[in-house]
Amino acid sequence: MSGLNWLSPAPEDFGSRVRSAAESGAFASLAAHDLSFQQLDQLGRRFRRNVGKDRAHDAITLGLLGSGTLDLLAPSIEASGLRHGLDIRVVTGEYGQPLQDAVDPRSGFNVAEPNAVLLSLDHRTLPFPKPNGSDDDTLSAARSQFNAIVQAIKARGVGVILVQTVPLLSESLFGHYDRQTELALNRRLRRWNDELAERCARDDALILLDAEDLASRVGREGWYNPVQWQMAKLPFDQQRVPLYAEHVARILAAVRGRSRKCLVLDLDNTLWGGVIGDDGIEGIQLGNGSPEGEAFVAVQRAALALKERGVVLAICSKNEEGTAREPFQSHSEMVLGLDDIAVFIANWRPKSDNLREIARRLNIGTDALVFLDDNPAERAQVRGAIPEVAVPELPEDPAGYPDVIWQAGYFETVAISADDMARAEQYKANAEREALAAEASDLGSFLKSLEMRAVLAPFRDQDMVRVAQLINKTNQFNLTTRRYTQAEVAAMSKDPGLYTLQVRLADCFGDNGIICLVICRASGETWEIDSWLMSCRVLKRDVERMVLDQLVEAARAHGVARLEGAYIETSRNGLVADHYPELGFAPIVEHPGRWRLDLADYVPNNPPIAVSWAA
Amino acid sequence: MGKQEIYEKLHAIMLDVFDLDTLELTAETTAQDVDGWDSLSNVRLVLALEEAFGLRFNAFEIGSSNNVGEFVDLLESKLS
């Protein structure tokens, strides 16, 4: 038990289950529990020993540089990665020399070629000297060492660098006066932390791990452990490792597009107290008048706040549909309205079936769902049937529900684009389109009725956040799953040897934003399709046929004779296994998995999408 | 807690800490006899024992035992 309250407790026989995990394939499901440091560490080491050699296609090699003994952190970070569907291998630097490790090309750290780095630096490594005079810049020493490390890492092409704020110390030199004088180390650390956050906001390669926030949440006095530091130079109390490792893995999952997209809510005793079918609209507990009623208002407020930042909301309840909708329509204390809900399902079928249906209607994976339900039996049913759905443990008292949602951090994000804020509306429109499709007699007339309009452009500076986000987050409709950092994408857009394309799609229900990207690499008379990816929000809309028409036209204009593309299989992109043959590409016999399209005989598809180019 | 009980608990913890499937543990066993008992996993062991037995070792105690027998004696005296 380590304060990861949203996870279910570890099984009694955890140790022996870990020892047989290679045979039972239970590594990921064991990682989904609230584990102590010992348990997490044991799981991570056994995982690395048994299956560590077979890396996933989009595996992360995380270089870990920092203060003190870092080796005890590595297995826990790897095991926490399993919880988020990530294959993370941690490479630690030598003890006490992060700068040398970063700079020396022959260091073990650099030889391992990390594609992401965590700088777990604190006041024991970065220098924070006391001021010499009144106008002395007390942060300049830390800044220059930090910059040297970051520059060396960037120079080796690493574009994902997690940097942590420094948890404050329990030291209190002047007492309450500490906040007012640079002579107090905590004041200098506070200023450093603020500066770091600002740098992360400006530099796309830097991603903030707010360790100071973690430490203050669990209590600053229990963060650093002087006994463990003196015994083995452990940078912070080992009991905090599960929390720290979870947050590292969570951020990396967000970078890789594995954050959740949709919060599915039960109704009775989750959004209001009581059972609407038995107690009726007058009888349910909601709103002013009782502590219980206020607690449920707070739950609804939390859900609404998430919806307003782009999380999709759905309802999954065992009820008659009409009864279930009643409070939304006529209870004056309801915070959520039917307008806030993208998919509303109330019936008597198993909840797992209904969750699959919600994912299908929204065109997202079941691994993008979080399911909030007060009933332990329902939670167990869903966990057993669809383990990839996140189902948080909830306390008895609904007053504790919002904190569980916040602590679990299912919707972690590393950058906010304008599209993110509009996301919930777009998914809702999607579900409405789905309903229209069910009515339309044939697919062709349905697509026409959508009145789709596409705006195309090469990768543009003003859209770079969204473009990089799509490249790193898209898992399903993604032919090669090649990940590029925003800096790399920006460089690509200026490379004359590359052809880049971004597609924005609007229709009668609204603007979907940028939903498709293509990168082609010119090589003589061939364009090699390096990347082709699309948001699943616009699946089965013939967008890919329109895009191919446009690609062919552009290629011909460049004197190109053929397109070549590859399908690189991952655990999540089976959707596009037949993408190229379905578009008329022919297999290249000598290269299985590669496909070719000769432009000479290409006939445009001309699907019903109006195409224009951005000015 | 008797010696026998301490040995059993220690044995279970060592299996997990050193990630072993089997381990023969006697009073004469030393770190050299056990796969993976290096300085780093010794830190793991100390932390795990503190957690499991609900006690704290001081700096002097951590380096004081020459074999498992002496270590069990130490645990027994701390637990009594």
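The values are calculated or read from the model by the stated rules, or taken from the named source; none is laboratory data. On a predicted model such as this, the values are computed, not experimentally measured, just so you know. For neighbour counting, all protein chains shown are included, and Cβ atoms are generated from backbone atoms with ideal geometry for every residue, glycine included.
Quick notes on this structure:
- Qualifying residue in the stretch A:410-422 (condition: of a type in the set (S, T, N, Q) and in contact with a Leu (Cβ under 9 Å, 6 or more places away or on another chain)): no
- Pick from the stretch B:12-31, criterion within 12 Å of chain A (Cβ to nearest Cβ) and not in a loop (DSSP other than H, G, I, E, B), ranking: surrounded by the fewest Cβ atoms within 10 Å (Cβ to Cβ): B:ALA12
- Just one residue in the set A:SER531, A:SER571 is buried (at least 21 other Cβ atoms within 10 Å of the Cβ), under 30 Å from the mean Cα position of the chain (by Cα) and in contact (Cβ under 8 Å) with a residue 40 or more places away in the chain; that residue is A:SER531.
- Every residue from the stretch A:1-47 that is assigned to a loop (DSSP other than H, G, I, E, B) and either within 14 Å of chain B (Cβ to nearest Cβ) or free of Cβ contacts under 8 Å to residues at least 60 places away in the same chain (or both): A:MET1, A:SER2, A:ALA10, A:PRO11, A:GLU12, A:ASP13, A:SER20, A:GLY25, A:ALA26, A:LEU35, A:SER36
- Hey, A:GLY277 of a type in the set (Gly, Ala, Ser) and at pLDDT 90 or above or not: yes
- Considering residues of the stretch A:1-26 that are under 18 Å from A:VAL248 (Cβ atoms) and not polar (S, T, N, Q) only, the residue farthest from the chain's Cα centre (by Cα): A:GLY3
- Screening A:ASN375 against (1) in contact with a helix residue (DSSP H, G or I) (Cβ under 7 Å, 6 or more places away or on another chain); (2) closer than 27 Å to A:HIS33 by Cα leaves a single unmet condition, (1).
- Exclusive hit being farther than 23 Å from A:TRP406 by Cβ, in contact (Cβ under 8 Å) with a residue 24 or more places away in the chain and part of a helix (DSSP H, G or I), set A:LEU189, A:LEU214, A:LEU196: A:LEU189
- Residue ID - surrounded by the most Cβ atoms within 10 Å (Cβ to Cβ), chosen from residues in the stretch A:538-568 that are assigned to a helix (DSSP H, G or I) and charged (D, E, K, R): A:GLU544
- A:LEU208 being more than 14 Å from chain B (Cβ to nearest Cβ) and not in a helix (DSSP H, G or I): yes
- Which listed residue is facing chain A (nearest Cβ under 9 Å), within 22 Å of A:MET231 (Cβ to Cβ), crowded, with 17+ Cβ neighbours inside 10 Å and not basic (Lys, Arg), from B:VAL68, B:VAL46, B:VAL34: B:VAL46
- Meets criteria (assigned to a helix (DSSP H, G or I), among the hydroxyl-bearing types (Ser, Thr, Tyr) and surrounded by fewer than 13 Cβ atoms within 10 Å (Cβ to Cβ)) for B:SER77: yes
- The lone exception for B:PHE57 - which of (1) of a type in the set (Phe, Trp, Tyr); (2) facing another protein chain (nearest Cβ under 9 Å); (3) farther than 17 Å from B:VAL72 by Cα it fails: (3)
- Yes/no for A:GLU113 being more than 14 Å from chain B (Cβ to nearest Cβ), surrounded by fewer than 23 Cβ atoms within 10 Å (Cβ to Cβ) and acidic (Asp, Glu): yes
To keep it simple, each residue is scored yes or no on (1) assigned to a helix (DSSP H, G or I); (2) closer than 20 Å to A:VAL163 by Cα.
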site	(1), (2)
A:TRP229	yes, no
A:GLN239	yes, no
A:HIS247	yes, yes
A:ARG250	yes, yes
A:ALA254	yes, yes
A:ARG260	no, no
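- Inter-residue pairs, beta-carbon under 7 Å, first within 8 Å of chain B (Cβ to nearest Cβ) and in the stretch A:219-243, second outside any helix (DSSP H, G or I) and not polar (S, T, N, Q), 6+ apart: A:GLN228/A:LEU234; A:GLN228/A:ASP237; A:LEU234/A:GLY68; A:LEU234/A:LEU72; A:GLN238/A:LEU72
- Some residue of the stretch A:393-401 being under 13 Å from A:LYS351 (Cα atoms), in contact with a helix residue (DSSP H, G or I) (Cβ under 8 Å, 6 or more places away or on another chain) and crowded, with 18+ Cβ neighbours inside 10 Å: no
- Selection count, the stretch A:61-105, where residues are polar (S, T, N, Q), away from chain B (no Cβ under 14 Å) and assigned to a strand (DSSP E or B): 1
- B:GLU76 farther than 28 Å from A:GLU12 by Cβ, more than 11 Å from the chain's Cα centre (by Cα) and more than 10 Å from chain A (Cβ to nearest Cβ): no
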